[in-house]
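Quick notes on the structure that follows.
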Amino acid sequence: MPPASPPSAPPIPTTGSPRPTSLTEWLRGRTDAQLAQLLQRRPDLALPAPADLAMLASRLSVRTSVQRAVDGLDAFALRVLEALVLSAGGGDAAAVADAGALLGDDISASDLSRGIGVLLELGLVWGDPDEPRLVSSVAEAVGPHPAGLGRPAQTLLRHVSDLQLAPVLRSLGLPPAAQPRAGVAVAEVLDSPERVAELIAQSDAPEREVLDRLAAGPPNGTVRNAQLPTTWPDLAPPHRLISRGLLIPVDSQTVELPREVGIALRGMAVGAVSPTPPVIETVDREPAELDRLGTTAVLDTVRLVESLAESWAHRPPVALRAGGVGIRELRRTAGELGIDETVAALLAETAYAAGLIGAASGPEPVYLPTAEYDTWRRHAPAQRWTDIAAAWLAMTRQPSLVSQRDDRDRLISALGPDAERGTVPTLRARVLDVLTELRPGAAPAARAAVLARLAWSAPRRASSHRPLAEAILAEADLLGVTAAGGLTGYSRTLLAGSKAAAEHALANALPEPVDYFLVQPDLTIVVPGPPSPELGSELALAADLESSGGASVYRVTEASVRRALDAGRSGADITALVTERSRTPIPQALSYLIDDVARRHGVLRAGTAAAYLRCDDEALLSRVLADRDVASLQLRRIAPTIVIATAPVTRVLDVLREAGYAPAAEAPDGEVITLGAATPRAPSRPPARSIRSRSAADSGAQLTEVVRRIRSGEALTTLSRRIQPIAQQVPGVTSASTMALLRNAIREGQRVLLGVVDPDGTPSRHTILPISLAGGFVRGHESETQRLQSFPLHRLTAVSVVDDPDADEDDPA
């Protein structure tokens, strides 16, 4: 498919207005839309909102902000910026013609103009597009080796000794000289492209290999004894290059290829970079088919999250002292769910981000399902999945880091603090945006193409982001956000910000839930579709899940039947479930299994004495008393058929079941009961907010308001230059002329701008319509709030009439 065109810069006005002479003046000439775009592309500039354009210009030059903007440039915009830095030669005025020559003949003038337009949008350069100027600290952010080229020869030669330069001068046919004249002479030779080409042509094959390797970048290389006298015989290729000035020693072990030599080796250019992103080869399917493929992972995700929560409800993992779940607990959970630890970590982190599980405080803190989980599990599968997917998109944690080693060589635990990565939501959005650019139904033929597109869009972050991007793509496939590598239709809708529409699209793609199953002679139960919530809960008690997907397969075993009986179901209840829900005849073996387990279940009965154990079979009761596995209960026989214990009844039941017996709890009247204590839950916790939750309209309105405030502050700053200070702005001094000015403003109904110093010494400005002057106070209605305010006269530092009929029309008011 054709490559996606990069975003084009808005047309840049080239009117005959005078060129700006400062960054603040250039910002003043930008339109409100252009300022809003600047704040959108660099949101750190608006936090908090700048008071005026001078403050915005100051923030544009902050090193960390500039570095963040440079690191976010795509490959072509970065190469254009590097060319401008090279053409500026250490200053701030860049020559577009020189930059175009450095980029090579393959880059057209329109491509170069578009690249400069992007840099103007970001505020990395300012001024006229034909003569852009670099914002201060841009060259520093680009680094000492723009485009992988070394520093200029003149800079490198300043630190080379006379002894080292002497053979270089002889080799270049220059008269002997001392520093700094020697360095200047060598630099002048290297500044000539013709002389540099001659010196390169004199290089043999080993020397040329060294030059080509350094010219490709980085320009630094390690050479043993780099400052060795170059007059020694049998010099190595690097030392021979040093003797001719093609390499310059930086220290005793390092050499650097001068910028002039690197450009010559690259053909008098910095190296070609495509102005358009790389093409992603795709495998095309129908969108509906891709959605059907994704529903399998969707159903598995919902089922596994529920299984993980139920597992932790029955056996809560203990929270580590530093926070998180230990590796052993994670491994146990993975084994119970039949998945690997990587998937278990992903499910735990996503469920935690969705607010479905949380940490419960206590003497021994543990992780438990929350109250929100009970509500979530009653929702339809489509709604449950969108809750999980939205939490995954927004969470600031990276599950793929779990079980890896951190910088201190310690294992990173699931839900622990070391898996926190604040930039992951942005990277996750960038990865999925690449897939969103493909047409619906299309999937990348290879993940490498997606990674190549990401590397082009942010080359400076490519090496650190590549492992995380690969993990994000794998997680998207596991959760059902993508299918076969392509973005599903319901995921596209969710990414667009409409969760309700995504639920509706997914509900239409999911197969209809079924409330029946097919019982096979081998005691397996086949559910030909996603089971209804009620059927799924009952089957989870009475059978063990063997496989899932479009159809689920369960197996009924003695242990699963006993699990249902322990949960309070009777043998008749299990038989009724199978009889009423099965579309096939019930195998006789299944009926026998249910009846046999139900008959044996509850033969042993436990109650409270603290607890007692009653059994009509005296031989069985004697065997229990002799069993070492239940010795911890400290059982004592008080009658031929009754034994009492010091442990609680729940403890008696658990120990007996672990020992292989099948006891049941009974009420005082002898009826079998289920000890259904309320399942513990962790405190509620709000889910993570998505970075896409704010609509474009809301974001645009906020940016418009910020720009309005900046313009208002700029107008106020301009107006304040007209204010006449009161007694050199010393608080406490109010002149007669000031009093007369205020009285006249009250009579004429004119607004005045007051400079006021608060009791703590903080200066402020207020525009009011004065109504009275008495008792040492001036009172009036403030223009912005229309509220009545009063200001002590002794705290005024400046007064100016705003509504001045004699003021010039162009003067700001």
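So for the range 739-754 (the condition being assigned to a strand (DSSP E or B), modelled with pLDDT of 65 or more and either more than 53 Å from the chain's Cα centre (by Cα) or of a type in the set (Val, Ile, Thr) (or both)), does at least one residue qualify? There is at least one residue in the range 739-754 that is assigned to a strand (DSSP E or B), modelled with pLDDT of 65 or more and either more than 53 Å from the chain's Cα centre (by Cα) or of a type in the set (Val, Ile, Thr) (or both). Residues that are among the hydrophobic types (A, V, I, L, M, F, W, C) and either in a helix (DSSP H, G or I) or at pLDDT below 90 (or both) within the range 113-125 comprise Ile116, Val118, Leu119, Leu120, Leu122, listed in sequence order. Looking at Leu39, Leu27, Leu35, Leu81, just one residue is surrounded by 13 or more Cβ atoms within 10 Å (Cβ to Cβ), at pLDDT 90 or above, within 14 Å of Ile710 (Cα to Cα) and in contact with a strand residue (DSSP E or B) (Cβ under 9 Å, 6 or more places away or on another chain), and that residue is Leu27.
Filtering the range 341-355 to residues that are open to solvent by 10 Å² or more (accessible area, probe 1.4 Å) and more than 17 Å from Ala476 (Cβ to Cβ) leaves Glu341, Tyr352.
Just one of the listed residues (Ala49, Ala57) is hydrophobic (A, V, I, L, M, F, W, C) and farther than 23 Å from Ile116 by Cβ, and it is Ala49. Number of residues in the range 233-254 that are closer than 11 Å to Leu211 by Cβ and either among the hydrophobic types (A, V, I, L, M, F, W, C) or within 41 Å of the chain's Cα centre (by Cα) (or both) equals 3. A search for C-beta distances below 9 Å between a residue of the range 386-415 that is within 15 Å of Ala345 (Cα to Cα) and part of a loop (DSSP other than H, G, I, E, B) and any residue that is open to solvent by less than 30 Å² (accessible area, probe 1.4 Å) and aromatic (Phe, Trp, Tyr), counting only pairs 6+ apart in sequence or on different chains, returns Leu415/Tyr367. If only residues of the range 142-177 that are under 40 Å from the mean Cα position of the chain (by Cα) and on the phi > 0 side of the Ramachandran plot are counted, the one that is surrounded by the fewest Cβ atoms within 10 Å (Cβ to Cβ) is Gly143. Taking only the range 363-399 into account, find how many residues are over 22 Å from the mean Cα position of the chain (by Cα) and open to solvent by 40 Å² or more (accessible area, probe 1.4 Å). Residues flagged as over 22 Å from the mean Cα position of the chain (by Cα) and open to solvent by 40 Å² or more (accessible area, probe 1.4 Å) within the range 363-399 amount to 12. Scanning the range 487-529 for residues that are over 30 Å from Thr557 (Cβ atoms), among the small types (Gly, Ala, Ser) and not in a helix (DSSP H, G or I) turns up Ala496, Gly497, Ser498.
The set of residues in the range 472-518 being open to solvent by 40 Å² or more (accessible area, probe 1.4 Å) and of a type in the set (Phe, Trp, Tyr) consists of Tyr516 alone. For Ala236, the requirement of being modelled with pLDDT of 85 or more and either hydrophobic (A, V, I, L, M, F, W, C) or more than 15 Å from Leu199 (Cβ to Cβ) (or both) is not met. When Arg266, Arg292, Arg259 are checked against the criterion of being surrounded by fewer than 22 Cβ atoms within 10 Å (Cβ to Cβ) and over 21 Å from Ala443 (Cα atoms), Arg266 stands alone in meeting it. The residue list Val305, Val273, Val298 contains one member that is under 29 Å from Thr436 (Cβ atoms) and assigned to a loop (DSSP other than H, G, I, E, B), which is Val273. Say we look at the range 633-671 and pick out the residues that are basic (Lys, Arg) and in a strand (DSSP E or B); which of these is least open to solvent (accessible area, probe 1.4 Å)? So, considering only residues that are basic (Lys, Arg) and in a strand (DSSP E or B), the one least open to solvent (accessible area, probe 1.4 Å) is Arg637.
Residues of the range 126-141 that are among the small types (Gly, Ala, Ser), open to solvent by less than 20 Å² (accessible area, probe 1.4 Å) and not in a loop (DSSP other than H, G, I, E, B): Ala141 alone.
Considering the range 178-220, and only residues there that are of a type in the set (Gly, Ala, Ser) and surrounded by fewer than 16 Cβ atoms within 10 Å (Cβ to Cβ), the residue that is farthest from the chain's Cα centre (by Cα) turns out to be Ala178.
Within the range 313-336, the set of residues being in contact with a helix residue (DSSP H, G or I) (Cβ under 7 Å, 6 or more places away or on another chain) and assigned to a helix (DSSP H, G or I) comprises Leu330, Arg331, Thr333, Ala334, Glu336.
The values are calculated or read from the model by the stated rules, or taken from the named source; none is laboratory data. These numbers were taken from a predicted model, which means no experiment stands behind them. Note that each Cβ is placed from the backbone with ideal geometry, even for glycine, and that neighbours are counted across all protein chains shown. Side chains are part of the model used for accessible areas, which takes the heavy atoms of the whole protein and leaves out ligands, DNA and RNA. Shrake-Rupley method; radii C 1.70, N 1.55, O 1.52, S 1.80 Å.
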